[in-house]
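What follows is a short report on a single structure.
The values are calculated or read from the model by the stated rules, or taken from the named source; none is laboratory data. Predicted model, so just to flag it, every value in this text is computed and none were measured. All Cβ positions, even for glycine, are placed from backbone atoms using ideal geometry, and neighbour counts span all protein chains on display. In case anyone asks, the SASA skips ligands and DNA or RNA and just uses the protein heavy atoms, side chains included. Shrake-Rupley method; radii C 1.70, N 1.55, O 1.52, S 1.80 Å.
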Amino acid sequence: RSSDLSSGINAEYGGATAVQAVPRVAKYGVKSLTVFQRTPAWVPPRDNIIYSSVFKTLLKHVPLLNVLVRWFYFCRNEVLFPLIFMLPSDNWKLIGKLHRFIQNAIHSYVKGEIKRIVLDGETAEKLTPKFPMGCKRTTPSDSYLQAFNRDNVHLVTDSVKEITKTGILTADGTSHDLDILVYATGFDLIKSVNAFRVEGIDGQILSEYHGDSPKAYYGITHHILPNYFMLGGPGIVLGHNSVIFIGECQLTYIESAIEQFLQKRAKSVVLKEKSMDQYQEWSRMKMKNKVFEGARFCSGWYRNARGVNWTFWPTNLISFWWYTMTFDAESYNFKY
């Protein structure tokens, strides 16, 4: 609450949290704000718009317009999936060249925006990613890059060696004295998935079965867990569209499952292990030729220490909608 405080934002391990925190902390008038960055993030313009009262009235009284607006943004984001996340193919020469041209144009545009917005050339260069967009979390913002034009905001790209009693010691031997240290280092995804103990068939513990690569069938079911359905399970993280749509599709699938379960008068239903294996193999195949597949271009929370990306849905959302439209009973075992 004091403008005399010298604040440090430790953004060493990520971008998304720091992208949100840095502009707000800088705006509150701290004397000095130091951002410790390990890897620059892709920060395209968010371009949020303010809807006029007239437009909001139309949305309220013309339901079809509301639907059209939502579908416009959904389809726009679906188009971005192949343009950003898929690597251009050399098999289809003309299409591959066009794909590479558009992808390079998108990268050049965002890099150009960084240079245009950040007035200091050296700082702009340090904030420019050297890996393909989509390899790490893309973090749109209309205020993060602008914060580095403030006199009280400083960027440090030397790695953090130690947190000391007085602040942070970086690898170059510089001691940065700080009054407040704000962690913006992300979170432990494995612990998030294993937030509570789940015991399955024959006493198997789900967290132990998961190991460092949690799995779920469409992020919903698991072959050691009868009568168990999840929302937002492993393998459904998105980088291009709304995860709310994922939840809606999962609910449709679960509703269909319960209906069939009741119709069959079954006592239990559980995913076949073979179905899980086939799904995981399909997912691995779909991961290929994507910028987020492994550690080829960058590291990040999408992947475990072995470079396995177990978090992402590997293709577009229309595919997820199609696969989850109805419960595929043939992939499950029922007990009566």
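Somewhere in the range 280-290, is a residue open to solvent by 80 Å² or more (accessible area, probe 1.4 Å), of a type outside the set (D, E, K, R) and closer than 20 Å to Leu83 by Cα? Checked against the condition, which is being open to solvent by 80 Å² or more (accessible area, probe 1.4 Å), of a type outside the set (D, E, K, R) and closer than 20 Å to Leu83 by Cα, the range 280-290 yields at least one hit. State the number of residues belonging to the range 291-323 that are of a type in the set (Val, Ile, Thr) and surrounded by fewer than 19 Cβ atoms within 10 Å (Cβ to Cβ). Qualifying residue count for the region: 3.
Assessment of the range 223-237 against the conditions (aliphatic (A, V, I, L, M), at pLDDT below 95, surrounded by fewer than 17 Cβ atoms within 10 Å (Cβ to Cβ) and under 23 Å from the mean Cα position of the chain (by Cα)) yields at least one matching residue. Just one of the listed residues (Arg70, Arg100) is open to solvent by 50 Å² or more (accessible area, probe 1.4 Å), within 21 Å of Ile246 (Cα to Cα) and either at pLDDT 95 or above or not small (Gly, Ala, Ser) (or both), and it is Arg70.
The single residue among Ala216, Ala184, Ala171 that is over 30 Å from Glu259 (Cα atoms), surrounded by 13 or more Cβ atoms within 10 Å (Cβ to Cβ) and among the hydrophobic types (A, V, I, L, M, F, W, C) turns out to be Ala184. Of all the numbered requirements in (1) at pLDDT below 95; (2) surrounded by fewer than 15 Cβ atoms within 10 Å (Cβ to Cβ); (3) of a type in the set (D, E, K, R), Glu255 misses one, and that requirement is (1). For the criterion of being at pLDDT below 95, over 30 Å from Pro40 (Cα atoms) and of a type outside the set (Val, Ile, Thr), Gly200 passes. Elements of the type helices (runs of 4 or more DSSP H) sitting completely within the range 233-326 and holding at least 2 residues that are among the hydroxyl-bearing types (Ser, Thr, Tyr) and in contact (Cβ under 8 Å) with a residue 12 or more places away in the chain: these cover 243-263, 273-287.
Restricting to the range 116-130, count the residues that are among the hydrophobic types (A, V, I, L, M, F, W, C) and open to solvent by 20 Å² or more (accessible area, probe 1.4 Å).
2
Scan the range 196-212 for residues that are crowded, with 16+ Cβ neighbours inside 10 Å and part of a loop (DSSP other than H, G, I, E, B) and jot them down. The answer is Val198, Gly200.
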